[in-house]
Amino acid sequence: MAGLSVAHLAALAQMIERVPDATLEKLSVAVMSMPGEKADELARVLADETKDRKRRFRVLRPILPMFRPRADGVEAIRFPAAVLPRLWKAASAKEKSWLPKLDNDPLTGQPLDPAIADAVASRICLAAAAAVRDRPDVIWPDNGMSSSDRQASLAALAGVCDLASLAARGLPSLTVWIGRPNEDQLAELRLLVRDAAAVAPEGAQRLLEILFAHLEDPSRILRLVVHASTAAGREIFLFDSELAVFVTRLIKTVEDRVARISTYRGDGGPDPFAVLRDDIAWCATVLNELDLTIQMQPGGVWGKQARDARLRVNATLHKLLSKAEATVEKALPTAKIQGSGRIARTTPMLDVAVPSEAREAALASLALVRAVRSSASVFGSETLRYKVLQTLTDRLATYADQALDRINRNDVANVEQARQIVLMVADFLTTLEAIDEAKTVRRRVAVAGAPMGHNDPSRGAA
């Protein structure tokens, strides 16, 4: 059988170049089981692409996250994903004879000579920077950006390529630097930043941009900024430094999320507070980190912005927490009965099914009360949250007691439906993390309505 033509192979290579890593791996496995000369040639193309991507990862790993957007939406230096393969192809072509030195030993999975592999990676990164400067239209074709924006983006790409090998030296220590580094470790970070500043005037900031791209929690960049800056973490000095951009970006994203929180109207569905909870937790994390790392001045720009954000979230939380009790009540059917004299009291109404919409709304409100536990104190809402939590827990436990009393007195028309309502209340208690109360309710439901002395097999079930 004839193999693939040169034109076919070239077209395949171009197509495979755009295939995601996970898909490439699946294709490679699938093709290996296919018979025929064409399948063998395709397998070789896939194997070559896989090897090339491993080499690319080894060399450009420090800057790879900069070719995809941040999941948290924080502004950062970012380059189009389509630029990456062109950048690698242009840079690696200049060092073709050295590329095998990047490959791992098939037995150990490690480079045959790490020192040589590092040196080759450094050479290719510098070649990448040169390619961006010398052949910008090949690496990053004009895509309609304004001339000034494109020039700035190209300069940034060349700049981070210049620093990629330096960043690679620091990445293993990143976890230490955002934790509790000792004096020697701090000195290592500051030396790295000084080396970056010696490469280019914007070197220190660009080095932190590279490290920032590797941080899943964006607020941890504040620790790097404070450790690396000579401003000692004080807003009055840090505000005018070249590293202030990271603080400004975080506060800007906090303000954007706070605006979304303040205008929240509910998303519908089974968990209408999912996005709201995420926004509140994210803002709380960033604001708390600002408090821990930067000495913000009450009258300073950042201090005012942080205070305003707290006040706006507090107002939203106050409104939502205050509504939680009423929302839960709608899922607890009750009826008024006339007592002695003119006194009326409420009792669980267990002969009607609870609408699913009311149940889901109650669960969502209860989940919100529970979920903002770690965030409420940041916004000054913990006192209200705790009060609502206690009130709801007591109310649900009382409702369950009253309902179970009615079931045990045979004062319900449909015992099974009544049990389901009480089990719903147990779910509510579980959502509030009132675990002991929920277990007690479920144990009592298991034997509710059984005749005295009846040996119910579910007795004792939690």
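The values are calculated or read from the model by the stated rules, or taken from the named source; none is laboratory data. All of these numbers come straight from a predicted model, not from anything done at the bench. As a convention, Cβ positions derive from the backbone with ideal geometry for all residues, glycine included, and neighbour counts pool all protein chains shown. All accessible areas refer to the heavy atoms of the entire protein, side chains included, with ligands and DNA or RNA removed. Shrake-Rupley method; radii C 1.70, N 1.55, O 1.52, S 1.80 Å.
Observations
- Restricting the stretch 38-82 to residues that are small (G, A, S) and part of a loop (DSSP other than H, G, I, E, B) leaves a set whose member that is surrounded by the fewest Cβ atoms within 10 Å (Cβ to Cβ) is A71.
- Within the stretch 105-118, tally of residues that are open to solvent by 30 Å² or more (accessible area, probe 1.4 Å) and either in contact with a His (Cβ under 6 Å, 6 or more places away or on another chain) or within 18 Å of W88 (Cβ to Cβ) (or both): 1
- Condition met for V120 (over 21 Å from E209 (Cβ atoms), over 29 Å from the mean Cα position of the chain (by Cα) and touching a residue at least 60 places away in the same chain (Cβ under 8 Å)): yes
- Helices (runs of 4 or more DSSP H) enclosed by the stretch 281-400 - at least 1 residues per element that are among the polar types (S, T, N, Q), surrounded by fewer than 19 Cβ atoms within 10 Å (Cβ to Cβ) and within 29 Å of the chain's Cα centre (by Cα): 301-329, 373-376
- Per the listing I124, I139, the residue uniquely over 18 Å from R61 (Cβ atoms) and modelled with pLDDT of 90 or more is I139.
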